[in-house]
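A.B. asks: Structure incoming, see below.
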Ligand code: G3I
């Protein structure tokens, strides 16, 4: 395929994506979307077939609903590895939002004191922009994936406060204009709602949360800044505590713009209070996003368990559709080929909408039917 043809197809693709406000204008979308996956002048790989010949990509349906549908991916091997072509093609075809699964974390971008390394994250951003996808930054301040130079160092409280602010400033400024939202603080609370003991809280106390949001806002006033956590999807002790925390932050004028509910569920485990919980955070003037959705089933999965999983995916997407402030749902990966789940929850997996061969599952069909 010539470079001119590729460029023309890419332009057509972007025009369709930016202009599509309903399914009616999108009948020819599959071919154009496939071209979106082409990131160079080399011949693009043939994309996996769409789920069926009369379907649209999820991103087209989501766009028509005013929502974004995203997935997490890594530059390391998921975008460039042996089956990267398939990964890229489906990702670009189906999703309009990308979260780096690991490439923007502290240890990845700040491997030595004062040394910043953006190779992986930059390539993800370039991929997203070439395919008309937005990028969610993940994550600036977390207790995991911290480099040993930081955790093993000897510091004063003031040192740590300055390093926290400098890290945020450097990273957010680097991606300014390319990242629409940041998970600024990730998983700061325990399940009982108390402050988690961590490198950050042990040096700085609870105040590090406010410091982080303020620093991020200074570095990019246009990015929407999220507090992100797990087990806060339903109304419970932990989400009550997050609610009280963000309410207090808002009252003090701290620039928090959204709540990220991760959504790492076990099948049949979607809380019945999900929508109610989203609504109370929305009433604080916050965006609410499902940021890391996956729904694990016991392995080996069966048609019954995958159908139950599909019902759960439908519930989560339905709750988001019902709440205006919920503008995005991101799954943590999209293919069962690459998921953190089996390595952490032994005997569990198959948590995503595509199977390990990139074939869509009942979960995909459930999402599709709901969005259509
Ligand atoms: O990069 C190294 C690679 O060089 C090495 O060869 C390989 C050997 O194991 O490890 C690679 O690093 C791994 C990294 O993922 C990249 O694949 C780490 O060991 C592994 O711990 C790391 O796991 C990530 C985990 O966060 C870290 O806690 C998962 O991929 C990622 O999905 C997971 O994501 C978190 C969110 O950020 C926050 N919410 C929970 C979610 C699931 O735990």
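The values are calculated or read from the model by the stated rules, or taken from the named source; none is laboratory data. As the structure is a prediction and not an experimental result, all values here were calculated from the model. Reconstructed Cβ throughout: ideal geometry from the backbone, glycine too, with neighbour counts over all protein chains shown.
A.B. asks: Limited to the range 129-147, what total is found for residues that are buried (at least 24 other Cβ atoms within 10 Å of the Cβ) and part of a loop (DSSP other than H, G, I, E, B)?
C.D. replies: 1
A.B. asks: Looking at the structure I just gave you, is residue 100 surrounded by 24 or more Cβ atoms within 10 Å (Cβ to Cβ) and closer than 18 Å to residue 170 by Cβ?
C.D. replies: So residue 100 passes the test.
A.B. asks: Just to be sure, is residue 339 without any contact (Cβ under 8 Å) to a residue 24 or more places away in the chain and either within 15 Å of the chain's Cα centre (by Cα) or within 16 Å of the ligand (Cβ to nearest atom) (or both)?
C.D. replies: no
A.B. asks: For the structure I just gave you, tell me whether residue 124 is outside any helix (DSSP H, G or I), at negative phi, touching a strand residue (DSSP E or B) at 6+ places or on another chain (Cβ under 9 Å) and at pLDDT 95 or above.
C.D. replies: Spelling it out, it is not the case that residue 124 is outside any helix (DSSP H, G or I), at negative phi, touching a strand residue (DSSP E or B) at 6+ places or on another chain (Cβ under 9 Å) and at pLDDT 95 or above.
A.B. asks: Of the numbered conditions (1) under 28 Å from residue 218 (Cβ atoms); (2) within 16 Å of the ligand (Cβ to nearest atom), residue 125 fails exactly one; give the number of that condition.
C.D. replies: Residue 125 satisfies every listed condition except (2).
A.B. asks: Does residue 345 fit the bill of being surrounded by 15 or more Cβ atoms within 10 Å (Cβ to Cβ), under 15 Å from residue 66 (Cα atoms) and touching a residue at least 40 places away in the same chain (Cβ under 8 Å)?
C.D. replies: Values: surrounded by 15 or more Cβ atoms within 10 Å (Cβ to Cβ): yes; under 15 Å from residue 66 (Cα atoms): no; touching a residue at least 40 places away in the same chain (Cβ under 8 Å): yes.
Considered against the rule, which asks whether it is surrounded by 15 or more Cβ atoms within 10 Å (Cβ to Cβ), under 15 Å from residue 66 (Cα atoms) and touching a residue at least 40 places away in the same chain (Cβ under 8 Å), residue 345 comes out as no.
A.B. asks: Name the strands (runs of 3 or more DSSP E) wholly inside the range 227-323 in which the number of residues that are in contact (Cβ under 8 Å) with a residue 12 or more places away in the chain, within 16 Å of the ligand (Cβ to nearest atom) and surrounded by fewer than 22 Cβ atoms within 10 Å (Cβ to Cβ) is 1 or more.
C.D. replies: Numbers: elements: 258-261, 264-266, 287-298.
Per the criteria, 264-266.
A.B. asks: Follow-up question, since we're still on this one. Has the range 81-95 got at least one residue that is at negative phi, in contact with a helix residue (DSSP H, G or I) (Cβ under 7 Å, 6 or more places away or on another chain) and within 12 Å of the ligand (Cβ to nearest atom)?
C.D. replies: Within the range 81-95 (the criterion being at negative phi, in contact with a helix residue (DSSP H, G or I) (Cβ under 7 Å, 6 or more places away or on another chain) and within 12 Å of the ligand (Cβ to nearest atom)), the answer is no, since none of the residues qualifies.
A.B. asks: Is one or more of the residues making up the range 142-163 under 22 Å from residue 262 (Cβ atoms), at pLDDT 95 or above, out of contact with any strand residue (DSSP E or B) (no Cβ under 8 Å at 6 or more places or on another chain) and away from the ligand (no atom under 16 Å from the Cβ)?
C.D. replies: For the range 142-163, residues under 22 Å from residue 262 (Cβ atoms), at pLDDT 95 or above, out of contact with any strand residue (DSSP E or B) (no Cβ under 8 Å at 6 or more places or on another chain) and away from the ligand (no atom under 16 Å from the Cβ): absent.
A.B. asks: Hey, can you tell me all the residues within the range 128-141 that are in contact with a helix residue (DSSP H, G or I) (Cβ under 6 Å, 6 or more places away or on another chain) and within 16 Å of the ligand (Cβ to nearest atom)?
C.D. replies: Listed by number, the residues that qualify are 135, 140, 141.
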